[in-house]
């Protein structure tokens, strides 16, 4: 079965410092990986995805993620954190269902706190 | 922009009540999903639908049912609400088979007392 793990419940970073939010995956076949962000009292917003190609994927709001097949990881990164980046971040992996449609399996989420 | 709306942001119901959560999307998407979000558990899929009148059980369907009479609308029904169904409920939509990005509504925070 497809799964993702986010090993950290919370990540604390000072504003201006680089940030990393970790995600590891377990899949059969080629992984389709995603990052979503949830700001307080809001639904989830798509940040970026890896389907194939370049291991470094760029997304919204200056975020990027690095796909590492040997380490089965897909860590989210940003070179310089902003206080406004404080939110809940979810890693997800695609799972195929009957009819050839896609659904997502989500990790437990990591809360990012950026301090001024 | 895709817009997914949910009928209520906050809802308080009593144990045993029948509860309807409504979700509407405006992008003619084929697939729609209902999740519940609980701290430390992430998002768990309750039900999904890949066409009108079609539904599939997700990972935690017990205690829930769904209805999709029109393409744009996907309803989640709690037949007899219980306190362990207190949670945040998120609806999402997705295009066809070649689509991967799900679009989420703002969520409904349901409290069952």
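Things worth noting here:
- Among residues that are at pLDDT 95 or above, within 12 Å of chain A (Cβ to nearest Cβ) and under 12 Å from the mean Cα position of the chain (by Cα), residue B:77 is not included.
- Filter pass, residue A:57 being under 25 Å from residue B:25 (Cα atoms) and either free of Cβ contacts under 8 Å to residues at least 40 places away in the same chain or in a strand (DSSP E or B) (or both): no
- Of the residues examined, residue B:91 is one that is closer than 30 Å to residue A:8 by Cα, part of a strand (DSSP E or B) and under 12 Å from the mean Cα position of the chain (by Cα).
- With respect to the conditions (1) within 11 Å of chain A (Cβ to nearest Cβ); (2) part of a strand (DSSP E or B), residue B:65 falls short on a single one, namely (1).
- When we screen A:78, A:22 for residues that are in contact with a helix residue (DSSP H, G or I) (Cβ under 7 Å, 6 or more places away or on another chain) and over 28 Å from residue B:56 (Cβ atoms), the only hit is A:78.
- Condition check for residue A:92: assigned to a loop (DSSP other than H, G, I, E, B), within 11 Å of another protein chain (Cβ to nearest Cβ) and closer than 30 Å to residue B:47 by Cα: no
- Just one of (1) assigned to a strand (DSSP E or B); (2) more than 27 Å from residue A:108 (Cα to Cα) fails for residue B:51. It is (1).
- Residue in the range A:27-45 that is surrounded by the most Cβ atoms within 10 Å (Cβ to Cβ), counting only those that are facing another protein chain (nearest Cβ under 8 Å) and more than 13 Å from residue A:87 (Cβ to Cβ): A:34
- Of all residues in the range B:15-35 being free of Cβ contacts under 8 Å to residues at least 60 places away in the same chain and surrounded by 21 or more Cβ atoms within 10 Å (Cβ to Cβ), the one that is farthest from the other protein chains (Cβ to nearest Cβ): B:34
- Within the set A:70, A:84, the sole residue that is more than 13 Å from every other protein chain (Cβ to nearest Cβ), on the phi < 0 side of the Ramachandran plot, free of Cβ contacts under 8 Å to residues at least 60 places away in the same chain and assigned to a loop (DSSP other than H, G, I, E, B) turns out to be A:70.
- Residues of the range B:65-84 classified as closer than 20 Å to residue A:43 by Cα and in contact (Cβ under 8 Å) with a residue 60 or more places away in the chain, total: 0
- Tallying residues that are over 27 Å from residue B:107 (Cα atoms) and crowded, with 20+ Cβ neighbours inside 10 Å within the range A:46-66 yields 1.
- Looking only at residues in the range B:51-62 that are within 21 Å of residue A:1 (Cα to Cα) and within 11 Å of chain A (Cβ to nearest Cβ), the one that is surrounded by the most Cβ atoms within 10 Å (Cβ to Cβ) is B:58.
The values are calculated or read from the model by the stated rules, or taken from the named source; none is laboratory data. In this text, all values refer to a predicted model and were calculated from it rather than measured experimentally. A quick note on method: Cβ atoms are made from the backbone with ideal geometry, for glycine too, and the neighbour counts reach across all protein chains shown.
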